[in-house]
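Have a look at the structure below before the remarks.
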Amino acid sequence: MMNETMNKIIKARKKRRNRYVGITIILAIITIVLCCTMMILGNTIYPVADVIDVLLGETIPGASFAINEIRLPRTVAGLFAGFAFGAGGYIFQTMLRNPLANPNVIGITTGSSAAAVFCIIVLHTSSTVVSLAAVVGGLVTVAIIYGLSKGTSFSIGRLILIGIGIQAMLNAFISYLMLIGKTNDLPNALRWLSGSLNGAELEMTYPLIIAVVIVTPVLIYFAKQLEMLELGEQAATSLGVNTNKTRVILMISAVLIIALATATTGPIAFIAFLAGPIAQRVVGVGFSNILPAGLIGVILVLGGDLIGQFAFETRYPVGVITGIIGAPYLIYLLIRINRKGDI
Amino acid sequence: MKNIPEKGNKQRLLPKHLAKVVALLLILLIVSIGMSLAFGSRTISLEGLIDGLFHPSVESHEASVVRQRIARTIFGLICGAALGVSGALMQSVTRNPIADPSILGVNTGASLFVVCGIAFLSIHSPSEYIWLAIVGAMLTAVFVFGIGSMGASGATPLKLVLAGAATTAILSSLVTAILIPRTNVMDQFRFWQVGSVGSANWDSVHIFIPFFMAGIVIAILVAPALNALALGDEVATGLGVRTGVIRMLAAFAGVLLCGAATALAGPIGFIGLLATHLIRLVVGPDVRFLIPLAAVSGAIILLISDVCGRFLGSPGELEVGILTAFIGAPILILITMKAKMRTI
């Protein structure tokens, strides 16, 4: 009897594991296809062979410039920023056990932007310092929101409301900075305020690439503990997880990659919000979904950018497209949550 | 409401500090009007101020500067009052402490309709697009409130705020999508992104006045019934109040006021929230006093914010919407921190 049950459990686990692996591979393939499309499509369409030649170092007049200077940076920025937004957003949603509690809604990206714009306009620091300030700004915002919402008893609703209040203040502060800023600082600062892959440069993506490469294994390592956190604080503690340490590490990692992604592409609307729930739906619960969530983030960013570039007469930045796609989903989610009656 | 015994209870019906509060508010109002006329890129002496206001024959430079600032000041005055009353009405109708046009996304709804008007219907004068703004504000209010009040627990602050935030996100994405290919519209619309009374003139005042009066009159008429509504729908019905009609009227007036203000000044947030809470703190929840006093304090807040903006932004100006958000948002945070769990 015992053996039979065990076998059943093992079989079910295997089945889920296979599903997880299968879906992750499918997502990875879609990502690669989108990356290739990003490299091929543009004002002139270059054949795959040309693209590969140029990437390997050959010089083809015209194609070299378009591919090396425009399409490659754009694709790389979208790839890593999408992954960072998706994975980081998923961490927040899982940790706070609420899909609505994501860095966009509770104002963490705004904290990063405010710190960055302050550095650009008031302190005139180098771009490395600006990125660093964005990370610190995001962390400080998290700390403030968390501290204020603790009160007598912690509630996620209170955290979200306070986050929205903080966000309103930070936005006002940013508007003030933009007003007093010198005209030649403004384009630099604007990058922080709207999500777009336009004007991406390869050098600017290096900090993000390094951070994503380092942080992703950390996140996956802690994924098991994250999964236990999903069961609730008490259950996690009784399973031997040091909840505070895990939370702090995960929070810092998530803010780090999200802030650096914002530094590269600006806050692309709703990626951090959408990727988690979509990953949950396609993969199902049972395994930590960091990789799928990150890949879905990439697919949303690159797909959104392709739509923005080629679907209409005017070229739209990716943030507008993801905003129009993402916000209705947020409303749908709200309606569903409200009907069930538990936020 | 009229059946309450007159004797003995009369004392209790008037808030304790009413006289003091009214006196203080009136003094503050006069001071802020004076400041709005006197301060700016050029500061005017008291003498010049009096010349400009009361001696039309005097033709000094200072006097003419003061006269130029009159329209802006009056506009700020009614705009602040409208937003204050609008906040008080919306909070009463939704029985919700954090209802404010900006939080509910009503401002963005007005923005979207105005942008559509400028872009697709080639409407250019404020007297025409004020109607669009009001329609946009109303549709958005209905939409947000509809989503926010689904489910068993009704319209809790959190649900309303989230519905408002989501709606704002969609609407502002649409606004951007409409604006990007049309640079000429973007120029017209730019002053609108942040609320400002800087470009107000006598025309804006004239356009605003009818809407303002209509909204205020409705607000004052429904105030006693709103008091009954605060006791709960059953009690209110028992007192002879037609709850549905009153709600509709009050919401209509609230949206009318903030829609008109948004059409002319752009989105100015948090004034309703701030004014209503300050007044409720000192005179209590009686809507009959809340509405006029919220009007006065809304006007004071807007005028003082506007004056501060002239200093902080110099040599230019810091738009008043930026300042009100900065002062008002902490109130939202404070309310949330104080609120009990279940009421969120």
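The values are calculated or read from the model by the stated rules, or taken from the named source; none is laboratory data. What you see is a predicted model; the values in this text were computed from it and never measured. With ideal geometry, Cβ positions are generated from the backbone for all residues, glycine too; neighbour counts draw on all protein chains shown. Note: areas computed on protein heavy atoms with side chains; ligands, DNA, RNA excluded. Shrake-Rupley method; radii C 1.70, N 1.55, O 1.52, S 1.80 Å.
Counting just the residues of the stretch A:35-75 that are without any contact (Cβ under 8 Å) to a residue 12 or more places away in the chain and of a type in the set (D, E, K, R), which one comes out surrounded by the most Cβ atoms within 10 Å (Cβ to Cβ)?
The residue in question is A:ASP53.
Would a scan of the stretch B:327-341 turn up a residue that is among the basic types (Lys, Arg), without any contact (Cβ under 8 Å) to a residue 24 or more places away in the chain, more than 8 Å from every other protein chain (Cβ to nearest Cβ) and more than 15 Å from B:SER86 (Cα to Cα)?
Within the stretch B:327-341, one or more residues are among the basic types (Lys, Arg), without any contact (Cβ under 8 Å) to a residue 24 or more places away in the chain, more than 8 Å from every other protein chain (Cβ to nearest Cβ) and more than 15 Å from B:SER86 (Cα to Cα).
Which one of these is open to solvent by 10 Å² or more (accessible area, probe 1.4 Å) and either within 13 Å of chain B (Cβ to nearest Cβ) or modelled with pLDDT of 85 or more (or both): A:VAL136, A:VAL117?
Exactly one of A:VAL136, A:VAL117 is open to solvent by 10 Å² or more (accessible area, probe 1.4 Å) and either within 13 Å of chain B (Cβ to nearest Cβ) or modelled with pLDDT of 85 or more (or both), namely A:VAL136.
Among the helices (runs of 4 or more DSSP H) contained in the stretch A:120-233, which hold 3 or more residues that are among the β-branched types (Val, Ile, Thr) and out of contact with any helix residue (DSSP H, G or I) (no Cβ under 8 Å at 6 or more places or on another chain)? Full working, then the answer.
Working: elements: A:127-150, A:156-180, A:186-190, A:202-221, A:223-230.
Those helices (runs of 4 or more DSSP H) span A:202-221.
Could you please find all residues in the stretch A:1-34 being of a type in the set (A, V, I, L, M, F, W, C) and touching a residue at least 40 places away in the same chain (Cβ under 8 Å)?
A:ILE23, A:LEU27, A:ALA28, A:ILE30, A:LEU34
Search the stretch B:304-316 for residues being more than 8 Å from chain A (Cβ to nearest Cβ) and within 26 Å of B:ILE27 (Cβ to Cβ), and hand back the single one that is surrounded by the fewest Cβ atoms within 10 Å (Cβ to Cβ). Give the derivation first.
In the first step, residues of the stretch B:304-316 are kept if they are more than 8 Å from chain A (Cβ to nearest Cβ); the result is B:304-311, B:314-315.
Among the residues that remain, those that are also within 26 Å of B:ILE27 (Cβ to Cβ) are: B:304-311.
Working: B:ILE304: 20, B:SER305: 30, B:ASP306: 31, B:VAL307: 22, B:CYS308: 17, B:GLY309: 24, B:ARG310: 19, B:PHE311: 13.
Per the criteria, the residue is B:PHE311.
Looking for something open to solvent by less than 10 Å² (accessible area, probe 1.4 Å), hydroxyl-bearing (Ser, Thr, Tyr) and touching a residue at least 24 places away in the same chain (Cβ under 8 Å) - is there at least one such residue anywhere in the stretch B:272-284?
yes
Here's the yes/no breakdown for (1) in contact with a Phe, Trp or Tyr (Cβ under 8 Å, 6 or more places away or on another chain); (2) among the charged types (D, E, K, R); (3) over 24 Å from A:VAL33 (Cα atoms):
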site	(1), (2), (3)
A:ALA254	yes, no, yes
A:LEU260	no, no, yes
A:THR265	no, no, no
A:LEU274	yes, no, no
A:ARG281	no, yes, no
A:VAL298	yes, no, no
A:VAL301	yes, no, no
A:GLY304	no, no, no
A:PHE312	no, no, no
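Quick check on my filter: what residues within the stretch B:249-271 are within 14 Å of chain A (Cβ to nearest Cβ) and either under 19 Å from B:ARG95 (Cβ atoms) or assigned to a helix (DSSP H, G or I) (or both)?
The answer is B:ILE271, and nothing else.
All but one of (1) at pLDDT 85 or above; (2) among the hydrophobic types (A, V, I, L, M, F, W, C); (3) more than 17 Å from B:SER127 (Cβ to Cβ) hold for B:VAL197, so report the exception by its number.
So the condition that B:VAL197 fails would be (1).
Out of A:SER112, A:SER126, A:SER149, A:SER131, report the one residue that is over 26 Å from B:ILE170 (Cα atoms), crowded, with 21+ Cβ neighbours inside 10 Å and away from chain B (no Cβ under 14 Å).
On the way: A:SER112 fails: over 26 Å from B:ILE170 (Cα atoms); A:SER126 fails: crowded, with 21+ Cβ neighbours inside 10 Å; A:SER149 fails: away from chain B (no Cβ under 14 Å).
Sole residue among the options that is over 26 Å from B:ILE170 (Cα atoms), crowded, with 21+ Cβ neighbours inside 10 Å and away from chain B (no Cβ under 14 Å): A:SER131.
Hey, can you tell me all the residues within the stretch A:297-320 that are open to solvent by less than 10 Å² (accessible area, probe 1.4 Å), within 19 Å of A:ALA254 (Cα to Cα) and of a type in the set (A, V, I, L, M)?
Passing the criteria: A:VAL298, A:VAL301.
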